[in-house]
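Worksheet for the structure shown next.
The values are calculated or read from the model by the stated rules, or taken from the named source; none is laboratory data. In this text the structure is predicted, and so the values were computed from the model without any measurement. A quick note on method: Cβ atoms are made from the backbone with ideal geometry, for glycine too, and the neighbour counts reach across all protein chains shown. With ligands, DNA and RNA removed, areas are computed over all heavy atoms of the protein, side chains included. Shrake-Rupley method; radii C 1.70, N 1.55, O 1.52, S 1.80 Å.
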Amino acid sequence: MRNVVTLVAMSIGVALTPVAFAASPVMHPGKVPLERQTLPARDGFASMGAGTTGGALAAPSRVYDVTTRAQMKAAFDEAGDEPKIIRVHGTLLGDSDDSGNPLSCADYARGTGYTLESYLATYDPTVWGWDTEPSGGPENARVQAAENQRQTMLLFVPSNTTIIGATPEASLIGLSLRIDGQRNVIVRNLNHLAVSDCFPQWDPTDGSAGNWNSEYDMVQIINGSSNIWIDHNYYSDEPDFDDLSPSYFGRPFQQHDGSVDITYGSDLVTISYNRFENRDKLMLIGSTDSPAAGDPGKLRVTIHHNEFVNVGQRAPRLRWGQADVYNNHFIRNDDARVSFGYVFGVGYDSHIWAEANAFTFSPSVKQERIIKHWKGQAITTKDNVINRRKVDLLEAYNAQAPANLQLVTDTSWQPTLRTRVHPAQAIPALLKRNVGPVMTLGKPGNRPH
């Protein structure tokens, strides 16, 4: 695997400038350029309806080669909802000015009056207490500084868009993509790294010991967005891992949120051939336990042929919807940087179908912890293997769960929109060199998988 940490370090030290790129080459008859490929038929829920084509039909004037965050935003603004292709070259810094020069947390806080020291002094629970969320001057300053960062590093992706890395090294560093009420979007072949909230909020009322809460998912799919394909990407906190963060008030200073979160009535998503590594929170599917957020009847997501390496939780955590989770490889080593929580979170009225997944786990990870009860009632687990041995994951969970947290097999549905389902024992070898960014533009005949 390439040294992405070195890539990040180099990008921070070099000012990025626009570069002229050649137009797409003429392809042989019958060959589809990589950036114009669409989600194959029957490849998960995102193939439903009109399917997911992204910017495949983009006119030549709507094909953009970008090297900075500002160029990507300008392309979105110019093309709007017209079909468009965004080809990412090199490293795009989300926390950067319009020329691509890095911005720091101090740059965002300048002029707001925010300092971490004053925030900690004011809201120390021994001074502020445990019953009320922060308010007043330092909290107002934090909100203003956070808004400065949000205006810079958060980009809204319009409908009918393909965002694709031009090479396996193409990277988005500290850049959050939000798909908000949009449809027909493809995100492929990108390293998505180090999306960090400079200004987490302290909430003493969150749990029994309080928590630091951050914003900014790497990819956030919200508010009824539909037909989204997330494919062949790499998600990691490199180089800003959670275990390098300090603790304040006895709780980790959490600056990272989700990898790919799908909430508020979004629907028809396929997540395939990605690699998630050394991240705590992966995929939250579903907003709240209340139906008021518009989730019932939505949140249909297919998750197949991905690698999850030393991750913490939510792979996925589901409420309300249906998640077809098949042919993924979950890897857990004793030297993981993130503590292990669970894999499948069975939330309120959720319907997870977990089939033919492979788990390569160290002996310290107990198989009964793969499933976690989050107010759900049922889950289907079928033909999964742990260290090449077939294990009934539901039976393993129920064997140690108290009576009030028992789960049953879900008989309410069965997935039908699938590519080939491989035997679970074959998955580790099959995915070893075929997940994450592995493609390069300009080579005729590239195939999605």
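What distance in nm separates the simple spin-label points at residue 106 and residue 395, each placed 7 Å from Cα in the Cβ direction?
6.0
Express the carbon and sulfur contribution to the solvent-accessible surface of the stretch 55-125 as a percent, rounded to the nearest whole number, probe 1.4 angstrom.
On the stretch 55-125, the fraction of accessible area on carbon and sulfur atoms equals 55 percent.
Provide the gained length on full extension for the span residue 375 to residue 438, in nm with one decimal, where the gain is 0.36 nm per separating residue minus the Cα-Cα distance.
The span from residue 375 to residue 438 would gain 18.8 nm if fully extended.
Dipole size in debye (nearest 20) for the chain around its Cα centre, Lys and Arg Cβ +1, Asp and Glu Cβ -1?
Roughly 1920 debye for the chain.
Considering Cα pairs under 8 angstrom that are at least six residues apart, work out the relative contact order of the chain and quote it in whole percent.
The value is 14 percent.
Relative contact order of the stretch 306-425: what whole-number percent is it, with Cα pairs under 8 angstrom and at least 6 residues apart?
25
Report, as a whole number in µm² per second, the diffusion coefficient that Stokes-Einstein gives for the stretch 121-280 at 10 °C and 1.306 mPa s using the Kirkwood radius over alpha carbon pairs.
The Stokes-Einstein estimate is 94 µm²/s.
So what's the Cα pair-distance distribution over the chain, bin width 20 Å, in %?
For the chain, the pair-distance distribution reads 25, 58, 17, 0.
At 0.890 mPa s and 25 °C, plugging the Kirkwood radius over alpha-carbon pairs of the stretch 142-190 into Stokes-Einstein gives what diffusion coefficient in µm²/s?
Rounded to a whole number, D works out at 200 µm²/s.
May I ask what percent, to the nearest 5, of DSSP beta bridges between residues of the chain are antiparallel?
Looking only at bridges with both residues in the chain, the antiparallel portion is about 10 percent.
Viscosity 0.890 mPa s, temperature 25 °C: what is the translational diffusion coefficient of the stretch 355-444 from Stokes-Einstein with a Kirkwood Rh over Cα pairs, rounded to a whole number of µm²/s?
159
How long are the semi-axes of the equivalent ellipsoid of the stretch 264-348, defined as square roots of 5 times the Cα gyration tensor eigenvalues? Whole Å, largest first.
The three semi-axes for the stretch 264-348 are 24, 14, 9 Å.
Ratio to report: Rg/Rh of the stretch 117-207, with Cα atoms as the point set and Rh obtained by the Kirkwood method; give two decimals.
Across the stretch 117-207, the Cα-based Rg/Rh ratio is 1.14.
Hey, got the dipole for the stretch 219-370? About the Cα centre, +1 on K and R Cβ, -1 on D and E Cβ, debye to the nearest 20?
With only Lys, Arg, Asp and Glu charged at Cβ, the dipole is about 280 debye.
Using a 1.4 angstrom probe, figure out how much accessible area the chain has per residue, in square angstrom, rounded to the nearest whole.
Per residue, the chain has an accessible area of 40 Å².
Taking every DSSP beta bridge with both residues inside the stretch 166-283, roughly what % is antiparallel (nearest 5)?
Close to 15 percent.
For the stretch 90-167, what number results from the quotient of the Cα radius of gyration and 2.2 N^0.38 Å?
1.50
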